[in-house]
1. Please give me the summed charge of the neighbours of residue B:260: other residues whose Cβ is under 11 Å from its Cβ, Lys and Arg +1, Asp and Glu -1.
2. Ordered by residue, what ³J(HN,Hα) values in Hz, to whole numbers, does region A:111-126 give under the Karplus form 6.51 cos²θ - 1.76 cosθ + 1.60, where θ = phi - 60° and Gly and Pro are x?
3. Could you tell me whether region D:9-94 comes out rounded, prolate or oblate from its Cα gyration tensor? Rule is a ≥ b ≥ c as square roots of the eigenvalues, rounded for a/c under 1.5, then prolate if a/b exceeds b/c, otherwise oblate.
4. Could you compute Rg(Cα) / (2.2 N^0.38 Å) for the protein assembly as shown, with N its residue count?
5. Taking each label point as 7 Å beyond Cα in the direction of the beta carbon, state the distances from residue D:317 to the same residue in the other copies, shortest first, in nm.
6. For the residues C:49, A:127, what sequence is obtained by ranking on other C-beta atoms within 10 Å, fewest first?
7. I'd like the antiparallel share, as a percent to the nearest 5, of DSSP beta bridges with both residues in the protein assembly as shown.
8. In what sequence do A:137, B:262 fall when counting other Cβ within 10 Å, fewest first?
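Values quoted throughout were computed directly from the atomic coordinates according to the rules given, and no laboratory measurement underlies them. Since this is a predicted model, take the numbers as computed values, not measurements. Here the Cβ positions follow ideal geometry from the backbone for every residue, glycine too, while neighbour counts run over all protein chains shown.
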Protein chains: 4
Amino acid sequence: MDKLIRWGIIGCGDVTEVKSGPALQKAEGSSLTAVMRRNAALAEDYAKRHGVSRWYGQADQLIADPEVDAIYVATPPSSHKEYALAAAKAGKPVYVEKPMAMNAAECTAMIEACKDAGVPLYVAFYRRGLPRFQQVKKWLDEGAIGDIRFVRTVHMAKPLAQTGEEMWRVNPAISGGGLFLDLGSHTLDLLDYLLGPIRDVSGHASNMGSPYAAEDTVSGEYVFESGVHGSGIWCFNSYADEEYNEIVGSKGSIWFSTFEEKPVVLRTAEQEQKRSLAHPPHVQQPLIQTVVDELLGRGKALSTGESAIRTSRVAEILTRAYYAGDR
Amino acid sequence: MDKLIRWGIIGCGDVTEVKSGPALQKAEGSSLTAVMRRNAALAEDYAKRHGVSRWYGQADQLIADPEVDAIYVATPPSSHKEYALAAAKAGKPVYVEKPMAMNAAECTAMIEACKDAGVPLYVAFYRRGLPRFQQVKKWLDEGAIGDIRFVRTVHMAKPLAQTGEEMWRVNPAISGGGLFLDLGSHTLDLLDYLLGPIRDVSGHASNMGSPYAAEDTVSGEYVFESGVHGSGIWCFNSYADEEYNEIVGSKGSIWFSTFEEKPVVLRTAEQEQKRSLAHPPHVQQPLIQTVVDELLGRGKALSTGESAIRTSRVAEILTRAYYAGDR
Amino acid sequence: MDKLIRWGIIGCGDVTEVKSGPALQKAEGSSLTAVMRRNAALAEDYAKRHGVSRWYGQADQLIADPEVDAIYVATPPSSHKEYALAAAKAGKPVYVEKPMAMNAAECTAMIEACKDAGVPLYVAFYRRGLPRFQQVKKWLDEGAIGDIRFVRTVHMAKPLAQTGEEMWRVNPAISGGGLFLDLGSHTLDLLDYLLGPIRDVSGHASNMGSPYAAEDTVSGEYVFESGVHGSGIWCFNSYADEEYNEIVGSKGSIWFSTFEEKPVVLRTAEQEQKRSLAHPPHVQQPLIQTVVDELLGRGKALSTGESAIRTSRVAEILTRAYYAGDR
Amino acid sequence: MDKLIRWGIIGCGDVTEVKSGPALQKAEGSSLTAVMRRNAALAEDYAKRHGVSRWYGQADQLIADPEVDAIYVATPPSSHKEYALAAAKAGKPVYVEKPMAMNAAECTAMIEACKDAGVPLYVAFYRRGLPRFQQVKKWLDEGAIGDIRFVRTVHMAKPLAQTGEEMWRVNPAISGGGLFLDLGSHTLDLLDYLLGPIRDVSGHASNMGSPYAAEDTVSGEYVFESGVHGSGIWCFNSYADEEYNEIVGSKGSIWFSTFEEKPVVLRTAEQEQKRSLAHPPHVQQPLIQTVVDELLGRGKALSTGESAIRTSRVAEILTRAYYAGDR
């Protein structure tokens, strides 16, 4: 393969050190050509440690670099929209860190801008590409559990440690919501991948005594476009940690955890199979490979702006009344 | 105690042989004085086998019998309203088999009539009195799991055997609904008992390929008046049977099955306790004892018309759209 | 296949109704030609119900029948030796019900007689042929658990119901021993099949308060000729029933129950697999097929006099001191 | 309580930093008065950090110190005997780290010397005093599982990491044996505490491919003086780690792990109870308290030279043939 996607990173911070930066280098048909960070010295440091030939202190310089084919926006959410629009304007494909943006309106603007510019937009919901969830998808596609009836999700956790470091995550002014938006969206995005889009959703959110403004508990039920039912409960103010999903069908069921390193389980009347599937060293690499493959015209990316905004909408419906002050 | 409640049964059929009839005899302060069945010969047979001194072929005779203090309506649902109203008119307390009536309108009429006549109305949701669920209630009341956060319910089952005998249960014209109304109402009634009334509820019902008119799958989520959240999935078209509830709090959780003879489980950070609690020989006896105690002015009955109609309303909301043809 | 083994049964009692009789008819290359029972009327009844053309009231008649190629001895243990020797004398292969005989001396005599007569001797340890244990054998042969390190056996049960019907099983004068000899020998025979002969064995037997003369508890440890270690505890005077074996190796482990209809389980670092494998309708059929195949010169029988006597010896060593009065 | 036991430590190394040293200070009626280490500078450092007033570079100085009432020998096993005899000669009670000595002969010499000198001898098998095992003992003493029938032990582990650091543990010349002697003795000592002395024992030891001289696998069976049976398998060359004991009786069973921080479990026909009991910060403190209490004439120590030597003998019998070259 002689064609190569040459990436530039805007915001070469923590997440790019192990999870994504090396993945952009190691994916087949992909290379990391340039990095940018407002503190140019840190950009240079990153570039030298990772063997990247060019570095910048300003985003527009990186976007304008003719050696850069595609842009990876890895800054905090507040600047995602700005950089995505600038990249689109330059006609360059965009891969945005999650969450996609501060709210659904920004997401929509990004999708529209990329569509108008004729460039694809991808979002880093990398779990879609991990071996564990690929195995679940494979079982579903093979019909291992027959016709799918419902999925149920349980996610409960002990109260958040009330350290300054953690509390920003439940300050809606900074994070855009609470732990449900932060963590629940990963599960909802996986369900969108595995079972297709949700058609109808209802639910309630509450704060049951947690010392912060965001919700700590959400109950939801939904029906997918396929007719499959769903039921989920999220509570981040419980006595213990437990998190898993179960997809049930006419011939079997599949059990998996979104966050915990546990085996995925297939059960039928005749047998039960537990498979332990480790994550790759650079967790974004499988997803990035599908993005690169799509850009090279030889495949289809697993996570796009369109799929990501569907999850945002579901999460917003479940917490809408809570944030409308209707508590 | 010299005061005694003397019961008359309208419809001394199967359910009264072991579950309730002997319970009316054995409860303290209670006796079974008369039985009625349209086939008077069968009424006589029942009376002689059970040592009951009087029997009738017509309900109005039994209701009018001055030796009968209270009426137990054990006929099929279609005649519950008629007999309950007649008993109320005669100024006699009523204990009605479940389901309470054919629909919420009938339930309301029964409640109103009893209220106007100044007689209490009870419904045979007997699980409330069973040792297993009394243990759950005790743990909750003692604060064993701290502040309650949510309850989740899973109820899935293999498809119904398609025998003539079973199919009436899923013919809404006869049974008033499907397996969710039949079985799910037991769980919803228990949750009403354990956690109080549900304040807000939403959900969806579907038939996912079952060869009958009723729904086979229901997903629901709800918030109780106490603020506790709830999430439930019912699917009677699955590859396997599984049924349980989990109530989760700030200090622990309680696990129990509504239908299966399994231990109830209390979990906290420090310990896990599984208790096997067998049902009494006459399963309605503990509930009937609370009814008798209330009638004798020394206690409070566990299941009334008011509690039963709450469960009917919740179940109806969850299946409303389905039966409105909005499938 | 035109060659056919024509069987004659000595003692067509209960065990031959479903487990073995129909199996002799249905195995490929096998037919059931004649049956014998001292009560000739019952022999005739059996023959007519099962479509067998010839029946006898005396064993020597059946053994002498030129249409009978091979003899199945299904009488109580006390006459196994006598009939096996008579069949051997007639030059006919023998398939003997388990237990093989009353004691090791009788077993040895049977083996010697068959060897001298040049006829093979088989014993009905039919579990060796069942799909569940064949799966275990297959996993072991494939190296699924790597090099085998040890096997451990747990077999505990509630005290025997003290009815007349059951008590003969623990009367050594009748049964030759207690529940360990009766039940434990099935497990030991399976281990002989799966792991090869035991080389060295030691243990203790006790009666810990059971109202009968036989032992109720046995602890044993052993080393197989392969070097694999084994550890087993049997207690038929416990608070509960539990019975299973686990074979552990360098790469995984296999779990199976000798008696309970539970899935067999394969565990490795990467996965766990549970397989539910039902018994065939006539449980002896798979073993009988291997016997017939060997007689027809196209395979190897799974259970012989030589394998059965090995298990008898191990069981005798474990209980020797107990029965020597050295309690 | 005005009486105080003043301890002196011989060999104030690692084990004394958290596990035992602070325990000698915190136990009621106990104080740590002096410490000794051949490198006197390190002894001084320890003394200053722990608030101990006196320190020495030579053991005889510490033993002779009139302010020291009792001696804790915390050196490597090779010098246990020498120091225990010196302390006994000085008429001072001795508390020896485990293993008690290099072999049974040394153990016997220590026991004899202490008996002759009229001083008590204790061994640091501290698990006997931990809350987890005290709970097991309490359940047994209360009759929670009825009459005890048997105990079974499973201890398997992945192969030892072959680093220089670890390999001395399986070099019999240094450690006196392999992992069974090192780890299995903790379980055997606990069983001696919970169930009393073992009366009769047999077993086999092997090395199944481990790259060291010691055994890696041991199978054993035993009968306690009480008549209780026992069965154990130890394999330190397995595909996984698993370790637990189960004591089974006529009314229930108790499950516990010797090494893993898992709940202890009580099962009966009616209930199952799992209790999580954390270790105290200084794990030797409960045992040391019983030693101090005995020295002050107000209690009985849980672990003595007599109990420790019983465990040594059992372990030696199980591995005798292996070390006799009879492999």
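1. Summing Lys and Arg as +1 and Asp and Glu as -1 gives -2.
2. So the Karplus estimates, Gly and Pro as x, are 4, 4, 4, 5, 4, 4, 7, x, 10, x, 10, 10, 10, 7, 7, 6 Hz.
3. Rounded.
4. Compared with the compact-globule rule of thumb, the protein assembly as shown sits at 1.13.
5. The answer, with the shortest distance listed first, is 1.8, 7.1, 7.2 nm.
6. Ordered from fewest to most neighbouring Cβ atoms within 10 Å, C:49, A:127 come out as C:49, A:127.
7. Taking every DSSP beta bridge within the protein assembly as shown, about 60 percent pair in antiparallel fashion.
8. Least to most surrounded, the residues fall as B:262, A:137.
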